[in-house]
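The values are calculated or read from the model by the stated rules, or taken from the named source; none is laboratory data. From a predicted model like this one, the values you see are computed outputs, not experimental measurements. We place every Cβ from the backbone using ideal geometry, glycine too, and count neighbours over all the protein chains shown. To get the accessible areas, we keep the full protein, side chains included, count just its heavy atoms, and leave off ligands, DNA and RNA. Shrake-Rupley method; radii C 1.70, N 1.55, O 1.52, S 1.80 Å.
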Amino acid sequence: AQLYYLDFDKTHVLNATATFMIPKDEGPLLFGEPVFDDMDFSFVFSYSSGYPYTQSGRDVGFVVKNALRQPSTWSLDLLIGKDLTIFNNMRLRLFAEILNLLDHKNVLYVYRDTGDPDYTFVGGYSKEYMEDPSNYGAPRRIRVGASIRF
C-alpha cells in the first residue's frame, strides 16, 4: 500500500505573537507629554510549509502523487492601538493594522509542469496570462479604524 500526502497537508505551521504595552502616563516624552502612553504594539508572525502537488507535463514518466511541495509561506503583521479618554468614562481607541508588514511575496500556486508560479509549457499561453497575480498572496495592506467604549 502506498501512502500519499493529501492536497491540503502542511507539515509545519508556526505562529508567534509578541506584544509591547505602554501604560497610562508612562513612556517617552514628546514636548513634555507622554504621547505614547496607553498604546500597544503587537507583532504576529506566521509561517507554514508549502502544500504538496503532483508534477505533470510531458515526459515525466511515473510520478508519485503529491511528491513535490510548493514554497513555504510567511508573514509578519503589526497591530498598533492607542486609547484616549474623551469624556468621563467614554474611551476612544484608534488602531492600525499593517498586514504583511515586510511585503513578502508568498507563492500560493505553482504550475504543475514547471513548479513555477509564473511560467508553464502547457497551453501556449502568453507571458501576461501565465503571470497570474492570484498565484501569489496579498501584498502589504494597511487598515485603520476607531472604536468607542462607554
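Data overview
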| item | result |
| --- | --- |
| Per-pair calculated FRET efficiency, R0 = 25 Å: residue 134 and residue 18 via Cβ, rounded to 0.05 | 0.20 |
| Residue 95 accessible area, 1.4 Å probe, all protein chains in place, Å² to nearest 10 | 70 Å² |
| Inter-centroid distance (Cα atoms) of the range 1-74 relative to the range 93-131, Å | 16 Å |
| Principal axes of the range 1-135: Cα extent on each, largest first, Å | 73, 41, 25 |
| Per-residue SASA entry for residue 12, accessible area with 1.4 Å probe, Å² rounded to 10 | 110 Å² |
| Environment charge at residue 149 (Cβ cut-off 14 Å; Lys +1, Arg +1, Asp -1, Glu -1) | +1 |
| Computed accessible area, residue 114, all protein chains, 1.4 angstrom probe, square angstrom | 50 Å² |
| Estimated Rh, the range 52-112: Kirkwood, alpha-carbon pairs, angstrom | 16.1 Å |
| Accessible heavy-atom area order of 147, 49, highest first, probe of 1.4 Å | 147, 49 |
| Ranking by accessible area, most exposed first, for 125, 136 with a 1.4 Å probe | 125, 136 |
| When the range 96-144 is reduced to its Cα atoms, the Kirkwood hydrodynamic radius in Å | 12.2 Å |
| Candidate lysines - alpha carbon under 25 Å from residue 10, same-chain residues fewer than 8 apart omitted | 65, 105 |
| Rough spin-label spacing in nm, given labels placed 7 Å along Cα→Cβ, for residue 65 and residue 112 | 1.2 nm |
